[in-house]
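This report concerns only the one structure given below.
The values are calculated or read from the model by the stated rules, or taken from the named source; none is laboratory data. Remember, it's a predicted structure, so these values are computed and weren't measured experimentally. When we count neighbours, we look across all protein chains shown, and the Cβ atoms used for this are built from the backbone with ideal geometry, even at glycine. Ligands, DNA and RNA are excluded from the accessible area calculation, which covers all protein heavy atoms including side chains. Shrake-Rupley method; radii C 1.70, N 1.55, O 1.52, S 1.80 Å.
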Amino acid sequence: MFSSSQEEHCAPSKDPVKYGELVVLGYNGSLPNGDRGRRKSRFALYRRTKANGVKPSTVHILNTPQASKAVNCKGQHSISYTLSRNHTVVVEYCHDKDTDMFQIGRSTESPIDFVVTDTIAGGQEGEETPITQSTISRFACRVEKAAKWKNPDGHMDGLTTNGVLVMHPKGGFTEESKPGVWREISVCGDVYTLRETRSAQTPGKLVEHENNILQDGSLVDLCGATLLWRTAEGLFHTPTQKHLEALRQEINAGRPQCPVGLNTLAFPSMQRSRALSSLEDKQPWVYLACGHVHGHHDWGDRSEQEAGPQRECPMCRVVGPYVPLWLGCEPAFYVDTGAPTHAFVPCGHVCSEKSVKYWAEIPLPHGTHAFHSACPFCASQLGLTRGCTKLIFQGPVD
């Protein structure tokens, strides 16, 4: 939720006040089959014409499940905390005129402002993989099977079933930023250290000196999807689609060539990069172990001698993966406006050197208790020994 005190650095009062945007990691500018309605890869949050926030009000202590249902059917926000078979606490929420509330979940029902589904790591361009069982909560507060407790001051609090985790980077969202510490946010907004596993019944320890206020570059993990928060001011300093397109054209204007076929290579346009389900003839490919850029060819296959698909670079004889290159089309993931000179390993998404190195250091939640760095454009786990490579283009020979 956002309060009126968070409106600094926003648009003039005659225009809608923009708080910022939430961008889903793992998508290269849009969902595989396109953004539709409340389901898309990035969500802009604006000040509402009428505040819809809520705050705790009446607390009911009940002895039977039937009584809990009666309270919940009164047509207003409420959260039930079942402490035992005969002890349920229902906290009702009333309107708060000073805050805006935005709800995110996988439910498509009307209270949800932004619909998110599980991100499939490494999904190919143009593909969309169905989810058989989601770990993302349908609604923001689902605490039936999660840890819950009464605080010393008497108010109830708890955690969602699989947890809502937040990480604030140190130094904001810039090339000098460093990863922060992942924390879990309770239903009432308090900050806790992580549980032993995502759905463990025992909460972590309260961290009293930290808060849940998002800053530019904060990450929010919903156990199945991770969101990047960009403030309105932060977005003002990110590269625009026009700038990224100019960088693409600059690379193509240099007429990079394949050292084997001597054919000219070219990155497809940003729009085509998002829409393509197959590779183009001029698509650049890279040997990830060394960074030499080629066109697609069949030379140097070493799969029989090596584990997995391996190719020998004809320029330096280094053996390693050989993958197509895709430009990173989501501007919100860039920490600077530099040229696209580096690629993530092993997926081959390309962006600026500082952006690649920033994301290569960010540990993202994975599964019930693991963390690993990943490409923000496709969510592929980065290599453990090498998360990125510098691209080496060969210019025209004429």
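A few remarks follow.
- Chain lengthening between SER84 and VAL207 when straightened (0.36 nm per residue, less Cα-Cα): 41.6 nm
- Residue-level accessible surface for CYS290, protein heavy atoms, 1.4 Å, Å²: 20 Å²
- Potential extension, GLN215-THR264 segment - 0.36 nm per residue separation minus Cα distance: 13.3 nm
- Largest accessible area first, the residues LYS354, LYS205 order themselves as LYS205, LYS354 under a 1.4 Å probe with ligands, DNA and RNA left out.
- FRET E, pair ASN63, GLU361, Förster distance 51 Å, beta-carbon r, rounded to 0.05: 0.45
- Förster radius 35 Å - calculated FRET efficiency between LYS170 and ASP301 (Cβ-Cβ, nearest 0.05): 0.20
- Area accessible to solvent at TRP149, 1.4 Å probe radius, in Å²: 40 Å²
- Extending 7 Å from Cα along the Cβ direction at LEU384 and again at GLU250 yields two label points whose distance is 3.8 nm.
- Two-site FRET efficiency, PHE371 against ALA200, from Cβ-Cβ distance with R₀ of 22 Å, rounded to 0.05: 0.85
- With the simple spin-label model, which puts each label point 7 Å out from Cα in the Cβ direction, the LYS55 to ASP35 separation comes to 3.3 nm.
- For HIS237 and LYS178, the difference between the fully extended length at 0.36 nm per residue and the C-alpha to C-alpha distance is 19.4 nm.
- Restricting the stretch 199-252 to GluC sites (Glu not before Pro) in coil, as DSSP defines it, with at most 11 other Cβ within 10 Å: GLU208
- Solvent-accessible surface (1.4 angstrom probe) belonging to SER110, in square angstrom, nearest 10: 110 Å²
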